[in-house]
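The values are calculated or read from the model by the stated rules, or taken from the named source; none is laboratory data. On a predicted model such as this, the values are computed, not experimentally measured, just so you know. All Cβ positions, glycine included, derive from the backbone under ideal geometry; neighbour counts span all protein chains shown. Keep in mind that these areas ignore ligands, DNA and RNA; they rest on the heavy atoms of the full protein, side chains included. Shrake-Rupley method; radii C 1.70, N 1.55, O 1.52, S 1.80 Å.
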Amino acid sequence: MRIDVLTLFPAMFAGPLDESIVKRARNAGILDLRIHNLRDWAHDRHRTVDDTPYGGGPGMVLKPGPIFEAVEALKAASGTRTKVVLTSPAGRTFTQDVARELAAEESVLLVCGSYEGFDERVREHLADDELSIGDFVLTNGALPAMVVIDAVARLLPGALGDDASSQDESFSHGLLEYPQYTRPVEFRGWRVPEILQSGNHSAIERWRRAQAMKRTAERRPDLWEKMKWAKPARKI
Ligand SMILES: C[S@@+](CC[C@H](N)C(=O)[O-])C[C@H]1O[C@@H](n2cnc3c(N)ncnc32)[C@H](O)[C@@H]1O
């Protein structure tokens, strides 16, 4: 999969995307990641990409010109159908399902906002999608883009040591993950549940599902509400 990123802060991406699973996916050729500086598509000596808002108000707005030119050039360079995604607090919420949608694309271009955000014509006439990573406002779109890249990269076939890991974790079946334990069997007087040491795989699977359901119902009633239809299908 190819992911291009358009940002005013390319240096922010060094580090988080050069470690761990994303690094491995890049090195293995599973993820082709390219970071671009929006200022490379500015036309004046000062490499200006923003201007004051029409109608007045605080802050600056990203001009449409450099973004349209950059996106058009990068789409042509990708050589395939590219999905253009803006990062924005006003976008649809980024979830594991959306990460899965993006992981199925051949090419995604993440456009990071800055200042007060984008000229509306970018939204209306250039973007295919707009994603928010949560109901809070960050300084610019670099961190949201990194969050999206990390979540998508680990879903690409071959990115994790064991692809089953990404199919059996929180949100994968609409539930939070069940409790996990490792050695020692007793730590400060707290024991690992006996069932997990029983070797009875079907009993363990039933216990894990029941725990995942209990945890989801307690902590995330919003997710639990959506899962209700699945309850009669399984006996706990
Ligand atoms: C300071 S914010 C602009 C906020 C904008 N004035 C508003 O009220 O919605 C600058 C940029 O950071 C990015 N950003 C900030 N918070 C975000 C979030 N929760 N999810 C995705 N992107 C975000 C977006 O790209 C945004 O254009």
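Numerical summary
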| item | result |
| --- | --- |
| Folded to 0 to 90 degrees: helix 142-153 orientation relative to the chain principal axis, Cα | 50 degrees |
| Highest to lowest packing among 113-120, 53-60, scored as the average C-beta count within 10 Å | 113-120, 53-60 |
| Highest to lowest packing among 16-28, 143-155, 80-92, scored as the average C-beta count within 10 Å | 143-155, 80-92, 16-28 |
| The chain - share of DSSP beta bridges that are antiparallel (%, nearest 5) | 15 percent |
| DSSP-loop chymotrypsin sites (Phe, Trp or Tyr not before Pro) across the stretch 144-236, with at most 14 other Cβ within 10 angstrom | 181 |
| Between the stretch 31-50 and the stretch 99-140, the alpha-carbon center distance in angstrom | 16 Å |
| Cβ-derived FRET efficiency at R0 30 Å, residue 45 paired with residue 120, nearest 0.05 | 0.65 |
| FRET efficiency, 1/(1 + (r/R0)^6) with R0 22 Å, evaluated for residue 20 and residue 177 via beta carbons | 0.70 |
| FRET E, pair residue 106, residue 139, Förster distance 30 Å, beta-carbon r, rounded to 0.05 | 0.45 |
| Å² of accessible area per residue within the chain, as computed with a 1.4 Å probe and no ligands counted | 58 Å² |
| 0 to 90° range, to nearest 10: angle between helix 64-78 axis and the chain longest Cα axis | 60 degrees |
| Two-decimal Rg to Rh for the chain - Kirkwood Rh, Cα set | 1.07 |
| In the chain, lysine pairs with alpha-carbon atoms under 17 angstrom apart (chain gap of 8 or more, or interchain) | 5 |
